[in-house]
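Trainee: Okay, here's the structure, questions in a sec.
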Amino acid sequence: PSANLTIDPAFTIAPVNRRTFGTFVEHMGRCVYTGIYEPGHATADEDGFRKDVLELTRELGVSLVRYPGGNFVSGYRWEDGVGPRTDRPRRLDLAWHSIETNEFGLDEFSRWCAKAGLEPMMAINLGTRGVQEALDLLEYTNHPGGTALSDLREQHGAAPYGIKLWCLGNELDGPWQVGHKTPTEYGRLAAETARAMRMVEPDLQLVACGSSSSAMPLFGTWERDVLRETYDFVDYISCHAYYSNDDGDTASFLASAVNMDRFIDAVIATADHVGAELKNSKKVGISFDEWNVWYKDRSRLTDGPHDQWEVAPRRIEDEYNVTDAVVLGNLLISLLRHSDRVAVACLAQLANVIAPIMTEPGGPAWRQPTFHPFAITSRLATGQVLRVETESPLTTTEKYGDVPAVDAVATYDEGRLALFAVNRSTEGPVEITVDISRAGVTRIDEALIMHDEDGLATNSAEHPDRVTPRPAEARLQDGKLTVTLPAISWTAVSLS
Ligand code: AHR
């Protein structure tokens, strides 16, 4: 089979938004403890940060990091994690049935962000807390000085953090959330918190919680009701999505980006509907602040006897394979394609917990197969996102019907073109011919593919580079780029 694609620099969607390449560090399992932070590790720096993980984080090409949760934030007291370590309390973390030592908190996180070169995205607790605690946190992080909490931060040796991007709670539509709420309860609280935060700093960028997934019973209604309360006060509504292959339906799993496309389109339509009702021309964007493949280790959310509370237990340490990496690459294609409305996206999470970076306590750190499509896309995508006109054979899936086997997006930046394409078919290769004659590029600089004859191939501490990107076979002649995409593969080509 073959597919015809057309790229034209005039088919612009929006500029590539660096915030599409965000990530997420939650106090969950070993993401913080023995993930990014492990004093005593051979690579630990003076702050106890693992330098091997810092290096991999830079290589991953992430731009921002959401913190400290996740479900964790809905029971979190941020002030537990600041000041002298010896005074910090140990607490029960109900979200993950663990003990939180608070050895790592806001100030350590901010130092880690600075070292990794990342913009912080701070989530506030609207599960068990409210307006006052949000204001306190804002005063601590951002106020220059001369007030109780800004002076306290200064005593802790820190200048104002200037955090601009804030999540107003996390997944409060979910019955698993501590402090779970109805849409109206949450909408009112989020609106009043946002209104008060803006009295301190009008130019904050605020995210209201959308649904925890598009399969939630209230999906659509939740967004509508929350935005009816918050429309004037927020910039973004969140989306969360995790895709799984646990029922062995690999064809549908490979088409997960179809679900993401529909999810984003539905949330945009809902937000615009509320804008129309309110006669408000402002557009609310999307913060897709949790997305990933996640399915192998769902059982280990809170396993162990109920009376057993551990510090940093192993939780959902999914081991990803090359098929998962292809799906992840396609999800990024979907996010890029929606750059006109998706303002922020966070791959959940960064280390150990459904993560591109794995570590062993006291041991090595390595890249999961999913690391690579993310790192390559982040490195090559610059300038404007371009829609790619695609005529592709179809592939049949149980969940989404017949969908195009080939899905692609491109970016264009002053004579530099990058194409990202997947073959989602399990059946066989598709040869793509891409008309790039209007892009004015004449040579292939790089062509990389994620594919393996064994779709279950994975990496491990012992074999960290079993799955890596390999050179793709791409040819360019007379303005036509030809690439063969094997079944279940993700490819990136950059040209100039
Ligand atoms: O990322 C893991 C968890 O998934 C987050 O804590 C929560 O927000 C979501 O349900």
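Just so it is clear, none of the values below were taken in a lab; they were calculated from the coordinates. In this text, all values refer to a predicted model and were calculated from it rather than measured experimentally. Don't worry about glycine lacking a Cβ; one is built from the backbone with ideal geometry, like all the others, and counts go over all protein chains shown.
Trainee: Give me the count of lysine pairs in the chain whose alpha carbons sit under 26 angstrom apart, restricted to pairs 8 or more positions apart or on different chains.
Mentor: Close lysine pairs under the 26 Å cut-off: 7.
Trainee: Around Ala266, with a cut-off of 14 angstrom between Cβ atoms, what is the net charge of the other residues, counting Lys and Arg +1 and Asp and Glu -1?
Mentor: Local net charge: -1.
Trainee: While we're here: I'd like the GluC sites (Glu not before Pro) in region 145-212 restricted to DSSP loop residues with at most 15 other Cβ atoms within 10 Å, sorted by number.
Mentor: Within region 145-212, no GluC sites (Glu not before Pro) qualify (loop, at most 15 other Cβ atoms within 10 Å).
Trainee: While we're here: Hey, can you grab everything whose amide H is under 5 Å from the amide H of Glu290? Only 5+ residues off in sequence or another chain; H modelled, so Pro and N-termini drop out.
Mentor: Cys239, Ala241, Cys346
Trainee: Okay, moving on. Nearest 0.05, what FRET efficiency do Thr433 and Ala114 give at R0 = 51 Å with Cβ-Cβ as r? Before the final figure, lay out the partial values.
Mentor: Numbers: r = 46 Å, r/R0 = 0.91.
Efficiency for this residue pair is about 0.65.
Trainee: While we're looking at this one, here's another question. Report the residues of region 148-191 in range of a label on Asp203: point 7 Å along Cα→C-beta, backbone N strictly under 17 Å from it.
Mentor: Under cut-off, by backbone N: 160-166.
Trainee: Let me ask you something else. Got a sec? Charge dipole of the chain, +1 on Cβ for Lys and Arg, -1 for Asp and Glu; which of Leu419, Ala343, Phe233 is way out at the positive end?
Mentor: Sorting the options by dipole projection puts first Phe233.
Trainee: Quick check: the distance between the Cα centres of region 135-159 and region 424-496, to the nearest angstrom?
Mentor: 50
Trainee: Over the Cα atoms of the chain, how large are the radius of gyration and the largest Cα-Cα distance (Dmax), in Å?
Mentor: My reading of the Cα-based Rg and Dmax gives 22.4, 69 Å.
Trainee: Neighbouring Cβ atoms within 10 Å as the yardstick, rank Leu394, Leu456, Leu331 fewest first.
Mentor: Leu456, Leu394, Leu331
Trainee: For a quick check: sort Arg198, Arg470 by the number of other beta carbons within 10 angstrom, fewest at the front. The partial results should precede the final answer.
Mentor: Numbers: Arg198 15, Arg470 12.
Fewest-to-most ranking of Arg198, Arg470: Arg470, Arg198.
Trainee: Using only Cα atoms, what is the ratio of the radius of gyration of region 139-295 to 2.2 N^0.38 Å? Let's see the in-between values first.
Mentor: Working: Rg = 18.1 Å, N = 157, 2.2 N^0.38 = 15.0 Å.
Ratio of Cα Rg to 2.2 N^0.38 Å: 1.20.
Trainee: Okay, moving on. Please give the FRET efficiency for Arg387 paired with Arg262, using the beta carbon to beta carbon distance and R0 = 25 Å, rounded to the nearest 0.05.
Mentor: Values: r = 17 Å, r/R0 = 0.69.
Computed FRET efficiency for Arg387 and Arg262 comes out at 0.90.
Trainee: On to the next question. Place +1 on the Cβ of every Lys and Arg and -1 on the Cβ of every Asp and Glu in region 17-380, take the dipole about the Cα centre, and give the residue among Ala190, Val293, Ile268 whose Cα lies farthest towards its positive end.
Mentor: It is Ile268.
Trainee: Continuing with this model, one more query. Which one of Pro486, Cys209, Leu54 has its Cα pushed farthest toward the positive end of the charge dipole of the chain, where Lys and Arg give +1 and Asp and Glu give -1 at the Cβ?
Mentor: With unit charges placed on the Cβ atoms, the residue in question is Cys209.
Trainee: A further question on this structure: Given an 8 Å cut-off on Cα distances and at least 6 residues of separation, report the relative contact order of the chain as a percent.
Mentor: Details: 1177 pairs, mean separation 99.1, N = 496.
Contact order relative to length: 20 percent.
Trainee: Continuing with this model, one more query. I want the local charge near Leu218. Using Cβ-Cβ distances under 15 Å, sum +1 for each Lys or Arg and -1 for each Asp or Glu among the other residues.
Mentor: Residues near Leu218 contribute -3 overall.
Trainee: Further, regarding this structure: Classify region 202-306 as rounded, prolate or oblate from the Cα gyration tensor: take a ≥ b ≥ c as the square roots of its eigenvalues, call it rounded if a/c is under 1.5, otherwise prolate when a/b beats b/c and oblate if not.
Mentor: Cα axes put region 202-306 in the prolate bin.
Trainee: Listing Val62, Val226 from the residue with the fewest other Cβ atoms within 10 Å to the one with the most, what is the order?
Mentor: In order of increasing Cβ crowding within 10 Å: Val62, Val226.
Trainee: Multiply the residue separation of Leu218 and Ser2 by 0.36 nm, subtract the distance between their alpha-carbon atoms, and state the gained length in nm to one decimal.
Mentor: My answer for the length gained is 73.7 nm.
Trainee: Mind checking the angle between helix 106-116 and the chain's longest principal axis? C-alpha axes, 0 to 90 degrees, to the nearest 10.
Mentor: Result, in degrees: 30.
Trainee: Roughly how big is region 17-380's charge dipole about its Cα centre, with Cβ charges of +1 (Lys, Arg) and -1 (Asp, Glu), in debye to the nearest 20?
Mentor: 660
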